[in-house]
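See below for the structure under consideration.
The values are calculated or read from the model by the stated rules, or taken from the named source; none is laboratory data. The structure presented is a predicted model; accordingly, all values stated were derived computationally and were not measured. Glycine also receives a Cβ, built like all others from the backbone with ideal geometry; neighbour counts cover every protein chain displayed. Ligands, DNA and RNA are stripped out before the accessible areas are found, and what is left, the full protein with its side chains, is counted by its heavy atoms. Shrake-Rupley method; radii C 1.70, N 1.55, O 1.52, S 1.80 Å.
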Amino acid sequence: MARSVAVLGAGIVGISCALHLVRRGFEVTLLDRREPGSETSWGNSGVIGRASIAPLSQPAIWRKLPRYAANRDRAVRFGPAYPARDLGWFVRFLASSRPRAFDANVRRLNALLTHALSEHEALLAGDSGLLRRDGWLQLFRTEPGFDASAGARALWYRHGVRFRVLDRDGLRELEPHLGPVFRRAIWLEDVASVADPGQVCRRLAERFASEGGAVLREEVRSLAPTDGGTRVGLTGGELHADETVVALGPWSADLLASLGYRLPVIRERGYHLHLAPRHNEPLGRPCLDAEGAYVVTPMTAGLRLTTGIEFSAPDAPPTPVQLDSVLPLAREAFPVGAPMDPDPWLGARPGTPDSLPVIGRAPRHPNLWFAFGHASIGFALGPVTGRLIAEMMGGEAPLVDPAPYSAMRFRRFGFGG
Ligand SMILES: Cc1cc2nc3c(=O)[nH]c(=O)nc-3n(C[C@H](O)[C@H](O)[C@H](O)COP(=O)(O)OP(=O)(O)OC[C@H]3O[C@@H](n4cnc5c(N)ncnc54)[C@H](O)[C@@H]3O)c2cc1C
C-alpha cells in the first residue's frame with residue numbers, strides 16, 4: 001500500500017514537496033487554511049536565480065550594524081523592543097558572519113540555488129512561459145554605491161554567476177524608461193523572474209490535484225506523534241498520516257514548539273505595493289535600487305515595489321515606514337504612476353540565522369520532515385526543496401547533499417529539543 005503523507009502548508013515549498021511526492025507514488029494530502037499560494041509565496045518579488053548566494057550574515061555586516069541599529073538604513077528596520085526580543089537569534093546571526101562560516105554558507109546556498117531555475121522549469125514543464133528569462137538589474141545612483149558591490153561581484157565571479165556591468169548608455173539601451181538617476185548597473189543575465197508568483201503556485205497545485213493529490217482547506221492546530229506516524233489536529237477533525245512534512249513558511253516554528261523544537265526561524269517582515277505603470281513605458285525585468293534598498297518587479301498586477309526587512313513582533317500592526325521612505329525614490333527612478341492597492345501588503349520571510357533553509361528529517365521524530373526557513377529566496381528554492389524532501393523520503397540519492405540544511409545544526413546551540 002502507498003504510504004500516506006500530510007504536507008502542511010501550500011506555499012511554493014509545500015506545493016513543490018506535494019507534487020514531487022505524488023509523482024513518486026505517495027498518497028499525499030496538501031493542507032492549508034487558505035488557497036494554495038496566497039501568503040508569502042504570492043507577495044514576493046518573483047526573482048529566481050543565483051544572484052542571492054551571499055547570506056545576509058556576512059563579514060561586512062559589522063560595518064553596517066551602527067546604521068541598522070539606529071534605523072538609519074532603509075534595508076533594515078527594527079520595531080520597538082528589538083533586537084532584545086530575539087537576542088539568541090541575533091547572536092547566532094552575527095556568529096554566522098565569521099569569514100569561514102560565511103564562505104561555507106555561500107557554498108551551501110550556491111549548491112541549492114544552482115538548481116533553482118532548472119527545478120522550476122522541470123515542475124512547470126509545458127507552462128514554462130510563466131518564467132521570464134530577462135535577468136535582473138541592480139542599479140547604483142553613485143560611484144561609492146557601485147564600489148560597495150565589489151564584494152558581491154567578486155563572489156559572483158568566483159562562483160561563475162554571469163553578470164555584466166553597464167554604464168548610463170548601456171542601461172538606457174536595456175531599460176529606456178528609467179529616470180536618469182542611475183550611473184551604473186549590474187545585469188545578472190541568467191536570473192529569471194515571474195509576473196505572478198501566486199499564479200505559479202496555483203498552477204503547480206492544480207497539477208498536483210490532477211495527478212492524484214488531495215488539497216484540503218483546513219487550519220492545522222496540533223501535531224502528535226503516534227505509533228509509526230503523526231496525528232494532525234485540524235479545526236474540523238484530525239488526519240492520520242504515515243509521514244508529515246511541515247512547510248508552514250514563517251509559521252513553522254510556532255507549530256513545532258508544541259513538540260519541543262525551539263527552532264531559530266523568525267519573521268523578517270516585508271511590504272509590497274503595486275503601482276500603476278506609466279502609459280507605454282514598460283519595465284523589462286526586476287530591478288533593485290541598491291542604495292534605495294527596494295525592488296521593483298513588473299507583475300501582472302502592476303509594478304510591484306517590495307521593501308527591505310522589518311524586525312518586529314510577529315503580530316505587531318503594519319508600520320510601512322520603509323515603504324513610505326522609498327516611494328519618492330521609486331517615483332523619480334521608475335515609470336510608475338499611482339498606487340493600485342488600498343493598503344500595502346505585509347508578509348514575512350522565514351529567516352534563519354545562517355540564511356540556510358531547514359530541510360530534512362526532524363531530529364527526534366522519524367516520520368516528521370522539515371521544509372521551511374527559506375528567508376528571501378524561498379520562491380526560487382521551493383521546487384528544489386520539494387525534490388530533495390521527496391528523494392530523502394523515497395530513499396533515493398538526493399540531488400544535493402542535504403546534511404548542511406538539517407535542523408541538527410541548531411542542536412549545539414540548544415535548539416532541536
Ligand atoms: C517582500 C518579500 C520579497 C521576497 N522576494 C523574493 C524573491 O524575489 N525571490 C525569492 O525566491 N523569494 C522571495 N521572498 C521569499 C519567499 O517569498 C519565501 O521564502 C517563500 O514564499 C516561502 O514559501 P513557503 O512555502 O515556505 O511559505 P508560505 O508561502 O508562507 O506558505 C506557508 C503556508 O502555510 C499556511 N499556514 C500557516 N499556518 C497554517 C496553519 N496553522 N494551518 C494551515 N495552514 C497554515 C499559510 O496559509 C501559507 O499558505 C520574498 C519575501 C518577501 C516577504
*Compute the Rg/Rh shape ratio of the range 11-62: radius of gyration over Kirkwood radius, all on alpha-carbon atoms.*
1.14
_Explain nothing, just the number: dipole magnitude of the range 36-163 about its Cα centre with +1 on each Lys and Arg Cβ and -1 on each Asp and Glu Cβ, in debye rounded to the nearest 20._
600
*Rounded to the nearest 0.05, what FRET efficiency is calculated for residue 397 and residue 4 with R0 set to 25 Å and r the Cβ-Cβ distance?*
0.55
*Binned at 5 Å from 0, what are the whole-percent values of the Cα-Cα distance distribution for the range 86-133, short to long?*
5, 18, 16, 13, 12, 10, 11, 11, 5, 0
*Using only the alpha carbons of the chain, determine the length spanned along each of the three principal axes and report them from longest to shortest in whole angstroms.*
65, 45, 42
_Run the numbers for residue 257 and residue 38: contour at 0.36 nm per residue of separation, minus the present Cα-Cα distance, in nm._
76.4 nm
*What is the Å³ per residue value for the convex hull set by the Cα atoms of the range 194-240?*
113
_For residue 344, net neighbour charge (Lys/Arg +1, Asp/Glu -1) across residues whose Cβ lies under 13 Å away_ = -2
*Let me know the charge dipole size of the chain about its Cα centre in debye, to the nearest 20, where only the beta-carbon of Lys, Arg (+1) and Asp, Glu (-1) is charged.*
1240
*What is the gain in length, in nm to one decimal, between residue 206 and residue 327 on full extension, counting 0.36 nm per residue of separation less the C-alpha to C-alpha distance?*
39.9 nm
*Calculate I(q)/I(0) for the range 272-387 by the Debye formula, one identical point scatterer on each C-alpha and no solvent, and give its log10 at q = 0.16, 0.17 Å⁻¹ to two decimals.*
-0.86, -0.93
_Just want to confirm a number: the relative contact order over the chain, from Cα pairs under 8 angstrom separated by 6+ residues, in percent._
26
_Rh by Kirkwood over Cα pairs, then Stokes-Einstein D for the range 71-172 at 1.306 mPa s and 10 °C, µm²/s_ = 90
_Charge dipole (debye, nearest 20) of the range 125-176; +1 at Cβ of Lys and Arg, -1 at Cβ of Asp and Glu_ = 180
*Rounded to the nearest whole Å², what accessible area per residue is found for the chain with the 1.4 Å probe?*
41
*Considering the Cα trace of the range 272-326, what is its radius of gyration and what is Dmax, both in angstroms?*
12.8, 41
